[in-house]
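Visitor: Below is a structure I'd like to ask you about.
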Amino acid sequence: MSLPSMTAPCTRSVTDSASPAEVTLSDIIAQTTRAKTVTAGKVRDIRQVTSKLRILALNALIEAKHAGDKGAGFSVVADEVRNISGEVESLAKDLGNEIVTLESLTQSMAQQSIGARMTDLALNAIEIIDRNLYERTCDVRWWATDSALVNQAAEPSPQRAAYASERLGVILDSYTVYIDLWLCDLSGNVIANGRPGKHPVIGQNVSNRLWFSRAAALKSGSDFAVADITTEPLLGHAQIATYATGVRRNGDADGELIGILGIHFDWAPQAAAITQGVRLAPDERLRTRVLLTDAQGLIIASSDGKGILSEHVRLRTEGRTSGNYTDASGTLIAFHRSPGYETYAGLGWYGIIIQRDS
């Protein structure tokens, strides 16, 4: 995965989502179905009447034949009654067909509207994540210039380590979305962290972590590295999203690389809040699953808590970045690819809504 270069200044963003428009097509469907039922009953009544008229007309014709010339006029009337009953029968049949067509069109319109709404909700979920992670890219590059971290990376010592850990702890007190912050030397040894009492990681080597190797390869302090969602054994196997960048001499963006700062975003509760917070009606929520997946389709968050980091979703995107479709079982699947936010290009993740038929 290529690493995006982030050189534009960072700003703070609001991560609340707008309320989706309410859908009332279910009421229209219900009324259309009711109209179909009522109309079908009336058509049935009309056909019963026309059937009786045809029988009467037939009887009249028979009697007219028996009456001979005297019944000739009555025969004409009987023929006309029979013709009219046939026309009424044809009209009743057409009316029934029109109602069936109307119901089909209404159902199709409802499916399209619901699909569009679910696609918007999928976008809403992934947008909130993008905004959150955009801020993480800002945080890591800003904190890497802190003098306490720069001094510890340049000339490690127990005293500097204590002060650097204290500074990282202050940051953690203000940013509760993080589990821990790690300052590492270029060999991958943790030389300071924000929660040394809770997470005794100082002295541990993390050079085999993907975020570390990617950050070590960055050319500038204006760039950042990120790894996909994973679990971290040194943090109690917590699910984390780690953003990292180089600590450079004197805190200069183009200075010599002297260390690596990795910040561990507390993924699980943040992602759960987003997937479970999608605005669905109570009856929808019972049959709907909200997911976030990485670029490979691995589930990294789910509203039902199932399949995280173990289940893959295979989308039928057909080359689209967003859309919806119904599978063979009648399940609606809506999706939207990460659009990015500000200067953050995103990681190719998807917001996905899977909704069973009611």
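The values are calculated or read from the model by the stated rules, or taken from the named source; none is laboratory data. Keep in mind that this is a model prediction, so the values were computed, not measured. FYI the Cβ positions are ideal-geometry reconstructions off the backbone, even for glycines, and counts take in every protein chain you see.
Visitor: Kindly indicate which of Ala328, Ala272 is over 11 Å from the mean Cα position of the chain (by Cα) and closer than 19 Å to Thr231 by Cα.
Guide: It is Ala272.
Visitor: Need pairs with beta-carbon distance below 6 Å; first residue surrounded by fewer than 19 Cβ atoms within 10 Å (Cβ to Cβ) and within the stretch 108-133, second part of a helix (DSSP H, G or I) and not acidic (Asp, Glu); sequence gap 6+ or separate chains.
Guide: From residues that are surrounded by fewer than 19 Cβ atoms within 10 Å (Cβ to Cβ), the pairs are Ala110/Leu25; Ala110/Ile29; Ser113/Leu25.
Visitor: Does the stretch 237-249 contain any residue that is out of contact with any Asp or Glu (no Cβ under 9 Å at 6 or more places or on another chain), farther than 30 Å from Gly330 by Cα and surrounded by fewer than 18 Cβ atoms within 10 Å (Cβ to Cβ)?
Guide: Yes; the residues of the stretch 237-249 include at least one that is out of contact with any Asp or Glu (no Cβ under 9 Å at 6 or more places or on another chain), farther than 30 Å from Gly330 by Cα and surrounded by fewer than 18 Cβ atoms within 10 Å (Cβ to Cβ).
Visitor: May I pose another question? Which residues, counting only those in the stretch 207-232, are surrounded by fewer than 19 Cβ atoms within 10 Å (Cβ to Cβ) and in a loop (DSSP other than H, G, I, E, B)?
Guide: Of everything in the stretch 207-232, those that are surrounded by fewer than 19 Cβ atoms within 10 Å (Cβ to Cβ) and in a loop (DSSP other than H, G, I, E, B) turn out to be Ser207, Asn208, Ala217, Lys219, Ser220, Ser222, Asp228.
Visitor: Of everything in the stretch 140-179, what is more than 39 Å from the chain's Cα centre (by Cα) and more than 14 Å from Ile260 (Cβ to Cβ)? Give them in sequence order.
Guide: The answer is Ser147, Ala148, Asn151, Glu155, Ser157, Pro158, Gln159, Arg160, Ala161, Ala162, Tyr163.
Visitor: Among the listed residues Thr145, Thr101, which satisfies the condition of being part of a helix (DSSP H, G or I) and either modelled with pLDDT under 95 or not basic (Lys, Arg) (or both)?
Guide: The unique qualifying residue is Thr101.
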